[in-house]
């Protein structure tokens, strides 16, 4: 009888034990199928990247040779190389400028004898100052007894010589002085993130790039966040303002018609995966290296991160480097999707990381270590098993 009682009473316990085991294995199976997407890890591991090597994605191991190729392509084109450092040519008069012409005659004055006398070191000379006049649209000014004088496109000395030649034989030893009262043709346009957009006149002094920025009131954003673009004819080149300030050669002389644009371009990369912080990280216009990017993103988390699984996701120009796969697929705008792979367990890679350039909008991803993925899975299993086994034991 007692045996029967024991046998009968054990059935619910055994049934509950079987139910517990089934529940455990069911939850483990769900974790294995779904799980691994949420609780089990951040995005993908190093091995997952290997399978992404198709004709649509280039996977490039970061080496010294690859870094040198990228550095050569991403090196800054200096203003001094593109635009030169020679001062602008002598200022020329243009249509719309306002000029003033003064004429001296040696005594006894013949042509302008009624002009007021000006006393100088060589004695008194009559001077005639003509009314200010604007250079006509076709480039001429008018001088009595000399006629129409071509002014536009000529320098001040050239216009003075032309008037002198025209008055020889009419005036007594004439001497001419031409002054540009209002300069509207020899200007530089300064626009963008400056205090006030302005037309900065180019004078005989020879204004330089930083002179024009100062005349416009300076930039409105931090210097290390600013890029200066200089446009001259068909040439367009940009350079970080920091680089211009640090290297006096890049403070190039300006020429009439130049356009200086101050651009506020906050550059950034995004850090994801097993890094100290997952966020968008801003950096300066002169650029940063991979080593600096890792430091700014908080470094690699131990023991979670895989030092062999550090990646840079980027869109490159088709001719950026020699691609490992000959069939190179591009996006509609001609860019090549690239995954740069870095092995930080190799000490030599740390030297390469000090030179590898980070681009704007790069994604820096550090994958989880395989052992960490396994540990997270076991933690999930134990977190399910222990409560269920404890509950089963409590019902005994």
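FYI, it's all coordinate maths here, none of it is from the lab. The model shown is predicted, which means the values in this text are computed figures rather than measured ones. Note: ideal-geometry Cβ built from the backbone for every residue, glycine included; neighbour counts use all protein chains shown.
General observations
- Residues residue 168 and residue 56, FRET efficiency given R0 of 56 Å [Cβ-Cβ distance, rounded to 0.05]: 0.10
- Under the simplified labelling scheme, the residue 85-residue 179 pair shows an inter-label distance of 3.6 nm, with each label point 7 Å from Cα along Cα→Cβ.
- Residues residue 161 and residue 354, FRET efficiency given R0 of 45 Å [Cβ-Cβ distance, rounded to 0.05]: 0.15
- Gain on full extension, evaluated as 0.36 nm per residue between residue 140 and residue 235 minus their Cα-Cα distance, stands at 31.1 nm.
- When each of 323, 104 is scored by the number of other beta-carbon atoms lying within 10 Å, the sequence from fewest to most is 323, 104.
- Per-residue Cβ neighbour rank within 10 angstrom, fewest leading, 162, 86: 86, 162
- What the Cβ-Cβ distance of residue 292 and residue 205 gives, at R0 = 56 Å and to the nearest 0.05, is a FRET efficiency of 0.85.
- Counted residue by residue at 0.36 nm each, then reduced by the alpha carbon distance between them, the extension gain from residue 270 to residue 284 reaches 3.6 nm.
- At full extension, residue 333 and residue 77 could sit 89.8 nm farther apart than now, given 0.36 nm per residue minus the alpha carbon distance.
- Burial ordering of 264, 311, fewest other beta-carbon atoms within 10 Å first: 264, 311
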